[in-house]
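One structure is given here, and the rest of the page talks about it.
Bear in mind these aren't lab numbers, they're just calculated from the coordinates by the rules spelled out. Predicted model, so just to flag it, every value in this text is computed and none were measured. Don't worry about glycine lacking a Cβ; one is built from the backbone with ideal geometry, like all the others, and counts go over all protein chains shown.
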Amino acid sequence: MKSNRLSKKALLDLGGCSILERVVINLRASKYIDEVIITTTTSTEDDPIEEFSRQKKIALFRGSENNVLNRYWDAAKLFGADIIVRATGDNPFVSYEIADFLIKNHISNNSDFTGIERDKIPITRKYSFTLKATTLNAKSIRSADLVLLATDHDAFDYRLIQENANLIVDTRGRLNNSPKVIKA
């Protein structure tokens, strides 16, 4: 629920249901996902997510505020999950088709970890548009003319970005003042 840009965005209405509910609906359409479990923090800020889960009868786990991986692991142990699919609760475009593609490959390859490789996101719908995942590392950052920080997400290594980018437009106020950082 904590967001600097849009407070409580996971519970905002999007076409008659909350964004979080849309994520759950999308994932429940999967052929491979037996149960959707919402994981959130023990912070009181996330109490509305617990209330939402209770009202919608969706399994819920509350855990560490600072260690997302530990929160997922603890939830998996509690619910007896053997495969974990991570989908963020504030992204209404979570695709069960892509989840199914990844899970199917995960099972058939007997993998320990499965993710999306660069340029290998499958086309799953009748509408075609190019999607591309890029690895965020020092080399990929240095190869860009400009890095635009349009999100404030703890999953990014902002120190790595600041140390390696040629020019940065920081719309989220995450970076220290520097000649190569433009605050917008």
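Quick look at the numbers
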| item | result |
| --- | --- |
| Entries in 139/180; 57/104; 31/77; 8/56 that, when Cα-Cα distance is taken, lie over 25 Å | 57/104 |
| Net charge of neighbours whose Cβ lies under 15 Å from the Cβ of residue 80, counting Lys and Arg as +1 and Asp and Glu as -1 | -3 |
| Environment charge of residue 167, counting only residues whose C-beta is closer than 10 Å and scoring Lys/Arg +1, Asp/Glu -1 | 0 |
| Contour excess over end-to-end distance, with Cα ends at residue 69 and residue 183 and 0.36 nm allotted per residue | 37.9 nm |
| 64, 43, 53 arranged by Cβ crowding within 10 Å, fewest neighbours leading | 43, 64, 53 |
| Cut-off 14 Å between beta-carbons: net charge of the residues surrounding residue 38, Lys and Arg +1, Asp and Glu -1 | 0 |
| Taking the C-alpha atoms of segment 9-108, convex hull volume expressed per residue in Å³ | 99 Å³ |
| For segment 138-183: rounded, prolate or oblate by the Cα gyration tensor [a/c cutoff 1.5] | oblate |
